[in-house]
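Chemist: The structure is given below, and queries will be raised subsequently.
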Amino acid sequence: MTPYEDKTLKDSMREERDKLKNMSVKDRLWYIWEYYKIPIIIAVVAVIFISSIGSAIYNNRFETALSCVIFNSSPAGETDSVDDYFNQGFRQYIDLNEDAKIEVDYSMSPTFDESSMNEFTYAQLAKITAMISSKSLDVMIGNPETIDHFGEMGGFVDLKEILPADVYDKLKEHLYFVTNQETGENTACGLLIGSTDFCDKTGLLIDEPILTVMSNSTHTDTAAELIRYVFGQ
């Protein structure tokens, strides 16, 4: 029997530890990576994979009650209160159960001026398009340029179709109209919310904010409740 065959796992680990102890930090890192990179890579991939599965399982426990994007906004101060506005105030307003989630993305600032576009802008537009196509977006809040862009393509529902008649009548002075380029129809698809306390309560600065509901939204009832909440109806 050779000395190698008689060596126990404990002896091997002790030798490895002594070998590493006598190395410099740089040599130690090189040695570990050179001899253990495959197990390290496998372990990292496994952790990422397991974390992704765990995250997906956790998120699938919650049904989406409303998905909203707020474009071209900036914080009025060091912090904002967007989550408080939607996931506390609005959630309580509609008595939404804990198993339902409200998703709000206010990180994007798309532009439609080709001279100002870059890879980041194109990536944002691709994300927005994917959200709309997959019916993963219910409410869009943005400035007139953004709302006109999507509204001219028929992206928003006529608010008369989802709001109760009495609420619609009360909000007539806030209606924002966009003409569909394909049909030529001029539709009240938005509401000017600059006169409300939306910006103050969310802590966001938005130039002439307009609230719209996507034409393929699957949560128009909740979107209508959001409109009532914003206007205090």
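The values are calculated or read from the model by the stated rules, or taken from the named source; none is laboratory data. The model shown is predicted, which means the values in this text are computed figures rather than measured ones. Glycine gets a Cβ as well: all are built from the backbone with ideal geometry, and neighbour counts include every protein chain shown. For the accessible areas, the whole protein counts, side chains as well, though only heavy atoms, and no ligand, DNA or RNA atoms are used. Shrake-Rupley method; radii C 1.70, N 1.55, O 1.52, S 1.80 Å.
Chemist: Considering only residues that are farther than 12 Å from Ser217 by Cα and in contact with a strand residue (DSSP E or B) (Cβ under 8 Å, 6 or more places away or on another chain), which ones fall in the range 128-157?
Modeler: Passing the criteria: Ile128, Ile141, Gly142, Asn143, Pro144, Thr146, Ile147, Asp148, Phe150, Gly151, Glu152.
Chemist: Of the conditions (1) at pLDDT 95 or above; (2) open to solvent by less than 60 Å² (accessible area, probe 1.4 Å), Gly203 satisfies every one except a single condition; which number is it?
Modeler: Condition not satisfied by Gly203: (1).
Chemist: Among (1) open to solvent by 10 Å² or more (accessible area, probe 1.4 Å); (2) within 24 Å of the chain's Cα centre (by Cα); (3) hydrophobic (A, V, I, L, M, F, W, C), there is one condition Leu175 misses while meeting the rest; what is its number?
Modeler: (2)
Chemist: Still on this structure: Can you tell me which residue is nearest to Val230 (Cα to Cα) among those in the range 127-172 that are modelled with pLDDT of 95 or more and aromatic (Phe, Trp, Tyr)?
Modeler: Among those that are modelled with pLDDT of 95 or more and aromatic (Phe, Trp, Tyr), it is Tyr168.
Chemist: Also, quick follow-up: Find the residue count for the range 164-219, including only residues that are without any contact (Cβ under 8 Å) to a residue 24 or more places away in the chain and basic (Lys, Arg).
Modeler: Of the residues in that region, 1 qualify.
Chemist: Whether any residue in the range 158-166 is buried (at least 16 other Cβ atoms within 10 Å of the Cβ), within 19 Å of Ser73 (Cβ to Cβ) and not hydroxyl-bearing (Ser, Thr, Tyr) is what I want to check.
Modeler: no
Chemist: While we're here: Anything in the range 180-200 that is surrounded by 14 or more Cβ atoms within 10 Å (Cβ to Cβ) and touching an Asp or Glu at 6+ places or on another chain (Cβ under 9 Å)? List them, or say none.
Modeler: Quick first cut of the range 180-200, residues surrounded by 14 or more Cβ atoms within 10 Å (Cβ to Cβ) only: 180, 187-193, 196, 198-199.
Passing the criteria: Asn180, Thr187, Ala188, Cys189, Leu192.
Chemist: Could I ask something else about it? Name the single residue that is surrounded by the fewest Cβ atoms within 10 Å (Cβ to Cβ) among those in the range 96-135 being of a type in the set (S, T, N, Q) and more than 24 Å from Cys199 (Cα to Cα).
Modeler: At the first step, the residues of the range 96-135 found to be of a type in the set (S, T, N, Q) are 97, 107, 109, 111, 115-116, 118, 121, 124, 129, 133-134.
The next check asks that each one be more than 24 Å from Cys199 (Cα to Cα); those that pass are 97, 115-116, 118, 121, 129, 133-134.
Details: Asn97: 10, Ser115: 5, Ser116: 8, Asn118: 8, Thr121: 17, Thr129: 10, Ser133: 10, Ser134: 9.
Among residues in the range 96-135 that are of a type in the set (S, T, N, Q) and more than 24 Å from Cys199 (Cα to Cα), the one surrounded by the fewest Cβ atoms within 10 Å (Cβ to Cβ) is Ser115.
Chemist: Would you pick out the residues in the range 79-95 that are open to solvent by 50 Å² or more (accessible area, probe 1.4 Å) and either at pLDDT 80 or above or more than 19 Å from the chain's Cα centre (by Cα) (or both)? I'd like the intermediate steps shown before the answer.
Modeler: Pass one, the range 79-95, residues open to solvent by 50 Å² or more (accessible area, probe 1.4 Å): 79-80, 83-84, 88, 92-93, 95.
Of everything in the range 79-95, those that are open to solvent by 50 Å² or more (accessible area, probe 1.4 Å) and either at pLDDT 80 or above or more than 19 Å from the chain's Cα centre (by Cα) (or both) turn out to be Asp80, Asp83, Asp84, Gln88, Gln92, Tyr93, Asp95.
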